[in-house]
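First comes the structure, then the notes that go with it.
The values are calculated or read from the model by the stated rules, or taken from the named source; none is laboratory data. What you are looking at is a predicted structure, and each value in this text was computed from that prediction instead of being measured. Heads up, the Cβs are rebuilt from the backbone with ideal geometry, glycines too, and the neighbour counts pull from every protein chain shown.
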Amino acid sequence: MPVYAPADTTGMSVNPSQFDVLQHAVAASALRHKVIAQNIANVNTPGYQAREVRFEEALQRAVDSGGSEGLRGTEVDEFVDVREAAYSAVRQDGNTVDMDREIGNLNENVMKHQVYFQILATKFAQMRSAITGR
């Protein structure tokens, strides 16, 4: 007698490419956290140019394509763009770090990172439920 997997009663399917997108989002937000921390650490370094991490465009391409195809590489540094921040304020010493902006960016990034992990945990719970039938 064949054994069948229980039907998905949650109405939500678990697509492996969703895991790829979430994995890249988590990795990119971790890199963004590191870059923001570097900016904050260099707030008093003359000539330091603040940097920023941009990955939303690649993430949006992945979501639009229905999977991870929009993410060019498998490593986070292959699809994110780390560049000098386009801040208008430059201090006399040439430093472009705006501490208020960096703290705001840090808080926003922490919230996004938590959301990515929560979605990932939900997807794993759905997968576990589908496998165990509970």
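Here is how the numbers come out for the structure above:
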{"read-out": "Verdict on SER88 being under 30 Å from ILE131 (Cα atoms), modelled with pLDDT under 80 and of a type outside the set (Phe, Trp, Tyr)", "value": "no"}
{"read-out": "Failed item in (1) farther than 18 Å from ALA30 by Cβ; (2) surrounded by 14 or more Cβ atoms within 10 Å (Cβ to Cβ); (3) not hydrophobic (A, V, I, L, M, F, W, C), with ARG134 passing the rest", "value": "(2)"}
{"read-out": "Given (1) farther than 30 Å from THR132 by Cα; (2) in contact with a helix residue (DSSP H, G or I) (Cβ under 6 Å, 6 or more places away or on another chain); (3) modelled with pLDDT of 70 or more, number of the condition ALA27 does not satisfy", "value": "(1)"}
{"read-out": "Cross-chain or 6+ apart pairs with Cβ under 7 Å, segment 35-48 first and under 16 Å from GLY104 (Cα atoms), then assigned to a loop (DSSP other than H, G, I, E, B)", "value": "ASN39/ALA50; ASN39/VAL97; VAL43/VAL97"}
{"read-out": "In segment 86-123, the residues that are surrounded by 14 or more Cβ atoms within 10 Å (Cβ to Cβ), more than 18 Å from LEU22 (Cβ to Cβ) and touching a residue at least 60 places away in the same chain (Cβ under 8 Å)", "value": "GLU102, ASN105, LEU106"}
{"read-out": "Count - residues of segment 45-66 that are polar (S, T, N, Q) and modelled with pLDDT of 95 or more", "value": "1"}
{"read-out": "Residue match in segment 69-84 (condition: among the acidic types (Asp, Glu), at pLDDT 90 or above and out of contact with any Phe, Trp or Tyr (no Cβ under 8 Å at 6 or more places or on another chain))", "value": "no"}
